[in-house]
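The values are calculated or read from the model by the stated rules, or taken from the named source; none is laboratory data. From a predicted model like this one, the values you see are computed outputs, not experimental measurements. Every residue, glycine among them, receives a Cβ derived from its backbone with ideal geometry; neighbour counts consider all protein chains shown.
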């Protein structure tokens, strides 16, 4: 299996993601430049955090027009696994690969600290190695991480179990009005969602920054190893078919 990490002008977590995939979980990984028009040969693609194109206009608004995003869209529609982290999540929203939008944090402050998220759904390639209700300690670093959507979209997300992660207290309880537990004020304390087909996901916390004990947590490995497990299952199914 082979991972691709997309690089936009302004990406600053691309090297972290590359290190987490290549050195920590030991999987083949290559960078994909934003001007690339094809992503053939990859099994999973990660859109990393940072400030793509300086976050001008709004987060992800310019990056969505990069040639690579058309290729990522085709890859996703063919069933390829795509994960957007922080700025990558914002780009997926702007590109229409995930529903909803990002607003500025409720307190209009840049937030950079550890948070706790609860795994809401294990029926995805990003959480299949997790336990339902498992609490992960993962850092955030963003100014626009306040997820928002209209009531109909929220109802659909809940109905289809597309909410994958929620901000939570360390004991696992969720209160969207508790600014300590839900620091950016995200609607329904949503920290990450997936598409209806479950092969595209985005989350604001940074799993690639929680893969070694020196970083304060290794809980991000749950997400990356879930992707590896899902790809291994797919490969086994193709062999047996």
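Miscellaneous remarks
- Residues that are surrounded by 15 or more Cβ atoms within 10 Å (Cβ to Cβ) and in contact with a helix residue (DSSP H, G or I) (Cβ under 6 Å, 6 or more places away or on another chain) number at least 1 in the following helices (runs of 4 or more DSSP H) confined to the range 1-96: 14-19, 87-94.
- Candidates 180, 176: the one that is surrounded by fewer than 24 Cβ atoms within 10 Å (Cβ to Cβ), assigned to a loop (DSSP other than H, G, I, E, B) and in contact with a helix residue (DSSP H, G or I) (Cβ under 7 Å, 6 or more places away or on another chain) is 176.
- Every residue from the range 159-171 that is within 17 Å of residue 203 (Cβ to Cβ) and either buried (at least 17 other Cβ atoms within 10 Å of the Cβ) or touching a strand residue (DSSP E or B) at 6+ places or on another chain (Cβ under 8 Å) (or both): 162, 163, 164, 165, 166, 167, 168
- Residues within the range 134-153 that are loosely packed, with under 15 Cβ neighbours inside 10 Å and closer than 22 Å to residue 12 by Cβ, tallied: 0
- For residue 156: the one exception among (1) out of contact with any helix residue (DSSP H, G or I) (no Cβ under 9 Å at 6 or more places or on another chain); (2) surrounded by fewer than 16 Cβ atoms within 10 Å (Cβ to Cβ); (3) under 20 Å from residue 82 (Cα atoms): (3)
- Summed over the range 97-106, the residues that are farther than 16 Å from residue 124 by Cβ and surrounded by fewer than 23 Cβ atoms within 10 Å (Cβ to Cβ) give a count of 6.
- Considering 157, 111, 136, 97, the condition of being more than 23 Å from residue 20 (Cα to Cα) and touching a residue at least 60 places away in the same chain (Cβ under 8 Å) is satisfied by 97 alone.
- Test result for residue 129, outside any strand (DSSP E or B) and either crowded, with 18+ Cβ neighbours inside 10 Å or touching a strand residue (DSSP E or B) at 6+ places or on another chain (Cβ under 6 Å) (or both): yes
- Pairs where the first residue, in the range 226-241, is at positive phi and without any contact (Cβ under 8 Å) to a residue 60 or more places away in the chain and the second is surrounded by 11 or more Cβ atoms within 10 Å (Cβ to Cβ) and assigned to a helix (DSSP H, G or I), C-beta under 8 Å, 6+ apart: none
- Candidates 187, 231, 203 - the one that is crowded, with 24+ Cβ neighbours inside 10 Å and either under 20 Å from the mean Cα position of the chain (by Cα) or modelled with pLDDT of 95 or more (or both): 203
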